Amino acid sequence: MKVVILAGGYGTRLSEYTKTIPKPMVKIAGKPIILHIMEHYAKHGFKDFYIALGYKGNEIKKFFKNKKLDWRINLIDTGQNTMTGGRIKRLKKFLGNSTFLMTYGDGISDIDIKKLIKFHRKNKRLVTLTAVRPPARFGVLKLLGSRVKYFKEKSKLDEGWINGGFFVIEPSFLKFIKNDQTYLEKQPLEMITKKGQLNAFRHDGFWQCMDTKRDKDRLEGIFKKKNFEKKN
């Protein structure tokens, strides 16, 4: 099964790094986040990648040119200003008529890809996305005047579900994407939701996106802790 990774956005909220490189090339624990994502898919046996390039795509091309990997990596220019839906639409001729996997180039998870695919096939919808809980950010206080009556570090279980990427998509979904300016997350997904054709695979395990420097620092801390645990 082919794996599409969207890697063409400007990454403006991470401008400390993205002035010189695209967001998927920002390093976590010494390697670009896109490589972490690809390694996860490869671990589950999916090694046929289609990377949708845009902003500073040459940096991604340069990186993979010097990498010796047992994967099939297709680096495809999908336009500097193309939106998320438009990037997928531009890959149509490469994807053919088969079900494919897709995710964003800035989110890491420990999701079981094979379980995700099994769920998608069982439910027979056009698209399955992975629903995750956003990482907890704030503690909860209840005040009585100036006195704190209740304090609890906020659990991510207090949050709702959000789109965490890691999609399984049927090729016929592409007809719902109009052109380069179509956001995947707007008209196409909203339209198939109304038709009852969007499913959510709930993932309670690890998931973290990298929208801001704070997110990047959080990921660095997680990977350092993992390495420490492996050594001990």
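Descriptive notes on the structure:
- Here the extension length gained between Asp217 and Lys65 equals 51.9 nm, from 0.36 nm per residue of separation less the Cα-Cα distance.
- For the chain, the equivalent ellipsoid built from the Cα gyration tensor has semi-axes of 30, 23, 18 Å, listed from largest to smallest.
- At R0 = 25 Å, FRET efficiency that the Cβ-Cβ distance of Ile162 and Glu16 yields, to 0.05: 0.55
- Distant-in-sequence amide H partners of Asn74 (H built 1.01 Å from N, under 5 Å): Phe49, Tyr50, Ile51
- Radius 11 Å from Cβ of Gly79, net charge of other residues (Lys, Arg +1; Asp, Glu -1): +1
- Rounded to whole numbers, the Karplus 3J(HN,Hα) couplings from phi for the stretch 45-59 are x, 10, 10, 9, 9, 10, 9, 7, 8, x, 4, 6, x, 4, 5 Hz, using 6.51 cos²θ - 1.76 cosθ + 1.60 with θ = phi - 60°, and x at Gly and Pro.
- Burial ordering of Arg90, Arg214, fewest other beta-carbon atoms within 10 Å first: Arg214, Arg90
- Angle between the chain longest axis and helix 33-43 axis [Cα atoms, degrees, rounded to 10]: 70
- Neighbour counts of C-beta atoms inside 10 Å place Asp70, Asp215 in the sequence Asp70, Asp215, starting with the fewest.
- A cut-off of 5 Å between modelled amide H atoms, ignoring neighbours fewer than 5 places along the same chain, links Asn199 with Val127, Thr128, Leu129.
- Using alpha-carbon coordinates, inclination of helix 113-123 to the longest axis of the chain, degrees: 80
- Highest mobility in the GNM of the chain, judged by mean-square fluctuation with C-alpha springs under 10 Å and restricted to Leu14, Leu144, Leu95, is found for Leu144.
- For the stretch 2-231: relative contact order, % (alpha-carbon pairs under 8 angstrom, 6 or more apart): 25
- Listed residue pairs exceeding 21 Å between alpha carbons, taken from Lys47/Lys93; Lys23/Lys194; Lys65/Lys225; Lys2/Lys186; Lys56/Lys178: Lys23/Lys194; Lys65/Lys225; Lys2/Lys186; Lys56/Lys178
- DSSP bridge orientation in the chain - percent antiparallel, rounded to nearest 5: 45
- Span from the the stretch 1-66 Cα centroid across to the the stretch 80-114 one, whole angstrom: 12
- Residue range of the chain that is longest and free of GluC sites (Glu not before Pro) which are both DSSP loop and sparsely packed (at most 14 other C-beta within 10 Å): 1-152
- Integer Hz, Karplus 6.51/-1.76/1.60 couplings in order for the stretch 193-203, x for Gly and Pro: 4, 4, 8, x, 10, 10, 10, 10, 9, 7, 10
- Residue-averaged 222 nm ellipticity for the chain, from DSSP H runs of 4+ at -39500 (n - 2.57), nearest 500: -9000 deg cm²/dmol
- Taking the longest Cα principal axis of the chain as reference, the axis of helix 213-231 is set at about 90 degrees.
- Taking Cα centre as origin and charging only the Cβ of basic (Lys, Arg, +1) and acidic (Asp, Glu, -1) residues, the dipole magnitude of the chain rounds to 240 debye.
None of the figures in this text is laboratory data; all of them are computed from the coordinates on show. All values derive from a computational prediction rather than experimental measurement. No Cβ is skipped: glycine too gets one built from the backbone with ideal geometry, and neighbour counts run over all protein chains shown.
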